[in-house]
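Worksheet for the structure shown next.
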There are 2 protein chains.
Amino acid sequence: MKEFQLIENFFTNRSISRRDVELSIGDDCALVQPALNKSIAISCDTLVENVHFYPDIPPQALGYKSLAVNLSDLASMGAEPAWMTLALTLPDVNEQWLTEFSSGLFDAAEYYGVALIGGDTTRGPRSITITINGQVSTGKALTRGGAKNGDWIYVTGTIGDSALGLDVIRGKRHVDPEHHEYLVNRHYYPTPRVLAGQSLRGLASSAIDLSDGLASDIKHMLKRSQVGAVIDVNRLPISSAVTDSVSKDEALNYALMGGEDYELLFTVPEAQKGALETALANAGVQFTQVGQITTGDSVKLIRDGERFISNNLGFEHFS
Amino acid sequence: MKEFQLIENFFTNRSISRRDVELSIGDDCALVQPALNKSIAISCDTLVENVHFYPDIPPQALGYKSLAVNLSDLASMGAEPAWMTLALTLPDVNEQWLTEFSSGLFDAAEYYGVALIGGDTTRGPRSITITINGQVSTGKALTRGGAKNGDWIYVTGTIGDSALGLDVIRGKRHVDPEHHEYLVNRHYYPTPRVLAGQSLRGLASSAIDLSDGLASDIKHMLKRSQVGAVIDVNRLPISSAVTDSVSKDEALNYALMGGEDYELLFTVPEAQKGALETALANAGVQFTQVGQITTGDSVKLIRDGERFISNNLGFEHFS
C-alpha cells in the first residue's frame, strides 16, 4: 500500500486552481462553492482495459480520453466544466506510465478549465472512472428530451473518423499516409464539443453526444423526446480522410455505426434555425443539417429519396 | 452489451426522490440544484474485489458498505448527504447478485437521504466506485487541518470491532456465539457517523474518519494540522465483544491498528468541551475522550503513565 500511495504524487498539486475550490485533494472530501443560480451537471464514465481500450493505447491518450469522454457529456448539456474526481485502479506502479497518463489528463483538464479535486487510487485490473461536475444556468440545460416534430437535426464536425482510426490502429485497414495521423488522433484525442454545447443553449431543443454511433445514439434522444426522425445519409458529414480511404457504403457504415466521435447531435426548431447557425458559425464550429424530427418513434434513413438499408459490413465497434 | 444494459434496470427508478434533483438517470448528465450558501463536499472511493473485499462478501453487505464508506467521508466533514453516482464493473450479469447488491445500496441510500443520480455499468473485474456529494454551510465544514495544541481528542463508538469481525469471518478467530453476529455486522455494515459529524460543526476543531485504523489515520490529521498527539490507550473505547474474545494486548492492537470501523476521530478546544459533550449526548452518539493534541508532529501512546509500545501481534488488515 505504501508504494501505491506514491501514485498520488502524480496527481496532487498538478491541478489548475479555481477560485470556487475551497478545499482540494488531501482531506476526507473536497469542498467546492457552486455559483449562484446555476445547476450542477454530473456525469460518470468508466473505462476498463480490454473492454473500452486496448492495453497498447498510449497512456497519454488514455489520460486525455478518460476526461474527454466525460467532458463530452457536459458539452451535450451545454454545461461549463468545473471539477472532477478520478478513481484510478492500476495493476502496478509504473512511473513512466503514470507520467504519460497524468500528462494527457492534465492537458485536457487545463484546456477545459477542470480542477481535479479528489479521487482514489487502488490496486487492481486497470480501469479509470471519472466523475465530472459542470455548471449551467438553472433551466437552461440541454437534454435529450426536448425534440419536437419538425425540428431540424444537426451534427457537429465529421463522423466515422474515430471508428476508422481504431481500425487503422488495429491494422484492419490501411490508409494513405496523409490521412493516417488525422484518423488515429481522432480516435485517441477526440474533441469534446464544450463550446459548441454552450452555444446551443436557448436555441437547440435537444442534444446528445455521439459515443456509440449516430444510428444508436439518436434512438436515446427519440425515446426521451417521444418522436421519430428521418436522416438523409447523403448529408452525413464525412471527412475526406474517410471518403478517400474506403468505399461510399463503407464510409456510411462508419458514419452511422462507428462510435467514439464525441460530436454532438442536436435538434433545432425552425424558428431558431437562423440564430443557431449564426451562433455556431461565431463559435467556429462546423455543423451540418442531416435530417428532421418526425412523429412516430423510429429512425428512417433515406438516400436519394429512397429508403436506405444499411448493408452493415460486419463493422465491429470495440466498445 | 445489450445484456449488460439490463443491469441499469436494477438501479433506475429505485432511488429516493429529492426536490433538488432536476434530472436524474437517463440523460448525458444529471442536474442538481445546490442549496444557497452551501458548499458541496465531494468524495470518491473505489472498492476492488480481492483488494478491498473478498469474493464471498454477501452482495447486500457490499452494496451497503460501498455507500457507507463514502458517507463516512461526508460525516467527517460535517456535511449532509445529497447525491451519488455509481460506477459498477461486473464480470457477468447475475440477477440474484444484483438484486441483493442493489437492495443493500438502496437501504443505506434511503436511510441517509442520498439520491442515486447517475453512473456507469461496465463489464470487467468486479469493482465499485461511488462518488458522493454532500452539502455543508460554507465555512462550517470540519477538516483535518484545525487541531491545536491542547485540544482534546475524541472518538465515537467503539474501535477494533470491524477488524476482529473480519478475522471471525475469515475463520482466523473464534468468538463466543453471543458476540459473533455483532462483530460480523460491524465489519459488513459499519455505521457512518453522519449525524455525529453534523453535531460537531462549530464545536470540533478537526475531524477524520477511521478507515485504516486509529494509529494510521490520526497521522493524517496531525500532518495537516501540524501538531502532535498523546493517546492514553487505556481510554480507547473497546466493545465487550472484543474484550471478551481476545487478550487485553490483542484488543489494543485491534483498536489501534484495525481498520474499517468508520468511527470519527475529532478534536475539541477546551472552551468547547462542555458544549460538544452536550451536543453529542443529545444526538445519542457514544463518544470517548482518548487523548490530547500536543506540539511536535508525532503520536505518543501511553498506558498507566508509561510509554506504550505496541507489540503488534502480526495483525493484518485486509485493505
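Can you classify region B:1-120 as rounded, prolate or oblate using the Cα gyration tensor, where a ≥ b ≥ c are the square roots of its eigenvalues, rounded means a/c under 1.5, and otherwise it's prolate if a/b beats b/c and oblate if not? Taking the square roots of the gyration eigenvalues as a ≥ b ≥ c, region B:1-120 is oblate. Distances between equivalent label points of A:Arg303 across the copies, with each point positioned 7 Å along Cα→Cβ, amount to 8.1 nm, shortest listed first. A P(r) calculated from all alpha carbon pairs of the protein assembly as shown, with 20 Å bins opening at zero, reads 19, 49, 24, 7, 0 percent.
Ranking B:Asp217, A:Asp212 by Cβ neighbours within 10 Å, fewest first, what do you get?
Values: B:Asp217 21, A:Asp212 18.
Neighbour counts put them in this order, fewest first: A:Asp212, B:Asp217.
GNM, chain B, Cα, under 10 Å: largest mean-square fluctuation among B:Leu116, B:Leu203, B:Leu71? Maximum among the listed residues: B:Leu203.
For region B:1-119, calculate the relative contact order in percent as a whole number, restricting contacts to Cα pairs under 8 Å that are 6 or more residues apart. Each step should come with its number before you reach the end.
Working: 133 pairs, mean separation 46.4, N = 119.
Once divided by the residue count of region B:1-119, the mean separation gives 39 percent.
Geometric descriptor of chain A, per residue, is 135 Å³ (volume of the convex hull of the Cα atoms). Between identical copies, the spacing of A:Ile16 label points, each set 7 Å from Cα toward the C-beta atom, reads 3.6 nm from nearest to farthest.
Which order results if A:Phe106, B:Phe287 are arranged by neighbouring Cβ count within 10 Å, fewest first? Working shown, then result.
Working: A:Phe106 20, B:Phe287 24.
Lowest count first: A:Phe106, B:Phe287.
Once the other residues with Cβ under 11 Å from the Cβ of A:Ala147 are scored (Lys, Arg +1; Asp, Glu -1), what is the net sum? Can you show the working numbers first?
Values: positive: A:Arg144, A:Lys148, A:Lys223, A:Arg224; negative: A:Asp151.
Once all neighbours under 11 Å are counted, the net charge is +3.
The same position A:Lys273 in the other copies lies at 7.8 nm from this copy, comparing label points 7 Å beyond Cα toward the beta-carbon, shortest first.
Once you charge only the Cβ atoms, +1 for Lys and Arg and -1 for Asp and Glu, what is the size of the charge dipole of region A:152-307 about its Cα centre, to the nearest 20 debye?
It works out to roughly 460 debye.
Return the tail of the calculated pair distribution for region B:115-156, meaning the percent of Cα-Cα pairs more than 15 Å apart. Before the final figure, lay out each step's value.
On the way: 593 of 861 pairs.
Cα-Cα pairs of region B:115-156 separated by over 15 Å account for 69 percent.
Pairs A:Lys65/B:Lys65; A:Lys38/B:Lys219; B:Lys38/B:Lys148; A:Lys248/A:Lys300; A:Lys273/A:Lys300; A:Lys65/B:Lys223: which exceed 28 Å Cα-Cα?
On the way: A:Lys65/B:Lys65 31 Å; A:Lys38/B:Lys219 38 Å; B:Lys38/B:Lys148 26 Å; A:Lys248/A:Lys300 19 Å; A:Lys273/A:Lys300 22 Å; A:Lys65/B:Lys223 35 Å.
From A:Lys65/B:Lys65; A:Lys38/B:Lys219; B:Lys38/B:Lys148; A:Lys248/A:Lys300; A:Lys273/A:Lys300; A:Lys65/B:Lys223, over 28 Å: A:Lys65/B:Lys65; A:Lys38/B:Lys219; A:Lys65/B:Lys223.
Taking 25 °C and 0.890 mPa s as conditions, region B:199-319 diffuses translationally at an estimated 161 µm²/s according to Stokes-Einstein applied to its Kirkwood radius (Cα pairs). Peptide B:50-60 has a mean shielding of 1, counted as Cβ atoms of other protein chains within 10 Å of each residue's Cβ.
Over region B:54-96, the ratio between the Cα radius of gyration and 2.2 N^0.38 Å evaluates to 1.41.
Counting Lys +1, Arg +1, Asp -1, Glu -1, what net charge surrounds A:Tyr189 among other residues with beta carbon under 13 Å of its beta carbon?
Details: positive: A:Lys65, A:Arg186; negative: A:Asp107, A:Asp161, A:Glu181, A:Glu260, A:Asp261.
The answer is -3.
Just to confirm the filter: which trypsin sites (Lys or Arg not before Pro) across region A:1-109 are DSSP coil and have at most 11 other Cβ within 10 angstrom of their Cβ?
On the way: sites: A:Lys2, A:Arg14, A:Arg18, A:Arg19, A:Lys38, A:Lys65; in loops: A:Arg14, A:Arg18, A:Arg19.
Here the sparse-neighbourhood loop sites are A:Arg19.
Note on chain A: with a GNM built from Cα contacts shorter than 10 Å, the maximum mean-square fluctuation among A:Ala79, A:Ala109, A:Ala275 falls on A:Ala275. Considering only the other residues whose Cβ falls under 15 Å of the Cβ of B:Ala279, what net charge follows from Lys and Arg at +1 and Asp and Glu at -1? Value of the local net charge: +3.
Any read-out appearing in this document is the output of simple, stated calculations on the displayed coordinates, not a laboratory observation. Model, not experiment: these values are computed from the prediction. FYI the Cβ positions are ideal-geometry reconstructions off the backbone, even for glycines, and counts take in every protein chain you see.
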